[in-house]
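Only one structure is covered here, and it is reproduced in the block below.
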Amino acid sequence: MLIASGIRPCYTSETMRKLEIAPSIIAADLANLGEAIRTSETAGADRFHIDVMDGNFVSNITFGPGTISAIRPLTQLSFDVHLMIHDPDRYLQDFAEAGADTIIAHIEASPDIVATVRSIHKLGKQAGVAISPDTRIDLLRNVVASVDLILVMSVYPGRSGQKFLEKSFARIEEVRRLLSEENPEAVIAIDGGVTPDTVTRAVNSGATNLIAATAIYCTGGTIHDAISQLRLAAERS
C-alpha cells in the first residue's frame, strides 16, 4: 500500500480503506507553483500528482524532471508522477532521480508494461499503471499482481478540465474486482473530472486515491475550501 508521511487517515464506513486527496498541479498557478504546493499541503493534501506529457502520446506538453527537482524540496508529501509519454522506460531513471515516489506509466504507451513495472521497482519506487477510458480493463490482468497502484482515467488524457466520463464508475468496479483476486493491497486512483459531485460515487465504486486539478485550483475559492469539500464528499460514501 502506498504510504506518505504526514497523511491523516480518512476511512469509508464500508471498507475502512484510507482515502487520499492528491492535488494535480497541472491546474495550479504556475507563476506561483511553490506557494500553491505549500498551501495545498497546509490545506490537507495527502500527496501530489504530477502530469508529465510529451506532446506525442498526448497533444499537450507539461512538466519534466527539472520541474520535479525544483519543487521536490518544498514538501515532504509524496510525488506521484504520471507519465503520459511514449516508451516511458527511457525516462524512468530521470524521474526517479528527480524525486518521484510513485511512477505511473500508461499501459497503452509501454512496449512491455510488466517490464516497465519491474524497472520502476528496481529504482526503488512505487509502480503504477494508468489505463485510458477506451482501453479494456482485462488488459491489466498480466500486471495487476505486481503493481502498487492502478490509475483509472475518467477523462481522455492530455487536457485538464474535462467532464467526468460516466462509464468510469463501472471501470473502477472492474479494476476493484480484478485486484481483489490478485493484489488487494494495491491502490485504485481516479483521475479526471473529480469534483465533489463525482467523488462520492467514485469512492463507492472502489477508488481511494482521488486526483483533482481544476476542482482544487480553479474554483474561484480557496484551495483550503476546495480540498475540504472534496474530503467531505468522499466521506459521505
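The values are calculated or read from the model by the stated rules, or taken from the named source; none is laboratory data. Computed from a predicted structure; not experimentally measured. A quick note on method: Cβ atoms are made from the backbone with ideal geometry, for glycine too, and the neighbour counts reach across all protein chains shown. Surface accessibility is based on the protein's heavy atoms, side chains included, excluding ligands, DNA and RNA. Shrake-Rupley method; radii C 1.70, N 1.55, O 1.52, S 1.80 Å.
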* Asked: What value does the range 102-212 have for Rg/Rh, both radii from Cα atoms and Rh as Kirkwood defines it?
  -> 0.94
* Asked: Under a straight-distance cross-link criterion of Cα-Cα below 16 Å, which aspartates and glutamates are reachable from residue 163, leaving out those fewer than 8 residues away in the same chain?
  -> 134, 191, 197
* Identified option (computed Cα extents along the principal axes in Å; candidates [x] 59, 58, 32; [y] 43, 40, 32; [z] 56, 40, 29) -> [y]
* Tell me the GluC sites (Glu not before Pro) within the range 116-190 that lie in a loop according to DSSP and have at most 15 other beta-carbon atoms within 10 Å. => 166, 185
* Calculate for the chain the 222 nm mean residue ellipticity that helices alone would give, adding -39,500 (n - 2.57) per DSSP H run of length 4 or more and normalising by residue count, nearest 500 deg cm²/dmol. => -9000 deg cm²/dmol
* What ranking of 116, 42, 214 comes out by heavy-atom accessible area, probe 1.4 Å, highest first? -> 42, 214, 116
* Structure fact -> The lysines whose Cα lies under 30 Å from the Cα of residue 167, excluding any fewer than 8 residues away in the same chain, are 18
* Structure fact -> Of every hundred units of 1.4 Å-probe accessible area on the chain, the number belonging to carbon and sulfur atoms, as a percent, is 49 percent
